[in-house]
Amino acid sequence: MSLFDNMHMSLALEEAKKAALRGEVPVGAVIVHGPSDKILSTTSNRVMELKDPTAHAELLAIREACHVMESERLTDCDLYVTLEPCPMCAQAISFARIRRLYFAAEDKKGGGVENGAIVFNAKSCHHKPEVYGHIMTEPSARLLQDFFKDRR
């Protein structure tokens, strides 16, 4: 893992903290154009704010990055996200042809990459990114645990 990977995941974590302050599940995402290391999008969950169950950080980041790149494909791009993507987001990552996926905390209950549906191993999956999990896990997991503890 490079210094850039930590830097990009730290930026995703800052986005997750912003989501928590808005009362959203604290998940942040960053998409980077790999060859240039240019940040294309940074965002966090906005499900409640937008009243949209699909407004997960990953999907919002993909939409913005596609807009910036003027393409429906992000073949040279890497996604950094603070929580293992759910099956919906994992499928969108595949459709967008994301090059590499980096995630922090695993989601044993709702994940779609290493847990649950494991979308990238399905026969129907057309593209599987390189996956690097468990990067900066502790601060991301703590943020999620604190968020849900405060709500119980």
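Nothing in this text is a laboratory measurement; each read-out follows from the coordinates by a stated rule. Since the structure is predicted, the reported quantities are computational estimates derived from the model, not experimental observations. Note that each Cβ is placed from the backbone with ideal geometry, even for glycine, and that neighbours are counted across all protein chains shown.
Here the dipole of region 5-152 is about 380 debye; that uses its Cα centre as origin and unit charges on the Cβ of Lys and Arg (positive) and Asp and Glu (negative).
Place a point 7 Å from the Cα of residue 117 along the Cα-to-Cβ direction; which residues of region 76-102 have their backbone N under 20 Å from it? From region 76-102, the list is 79-102. The distance separating the Cα centre of region 105-139 from that of region 74-90 comes to 9 Å. Per residue, the chain reaches -12500 deg cm²/dmol at 222 nm when only DSSP H runs of four or more residues are counted, each adding -39500 (n - 2.57). Once you order the gyration tensor axes a ≥ b ≥ c over the Cα atoms, which shape class does the chain get: rounded for a/c under 1.5, otherwise prolate or oblate by comparing a/b with b/c? Since a/c stays below 1.5, the shape of the chain is classed as rounded.
Within straight-line reach of residue 108, meaning a Cα separation under 19 Å, sit the following lysines at least 8 residues removed in sequence or on another chain: 149. Report the local net charge at residue 139: Lys and Arg +1, Asp and Glu -1, summed over other residues whose C-beta lies under 12 Å from its C-beta. That sum, taken over residues with Cβ under 12 Å, equals -1. Of all beta bridges that DSSP places with both ends in the chain, some 60 percent have antiparallel geometry.
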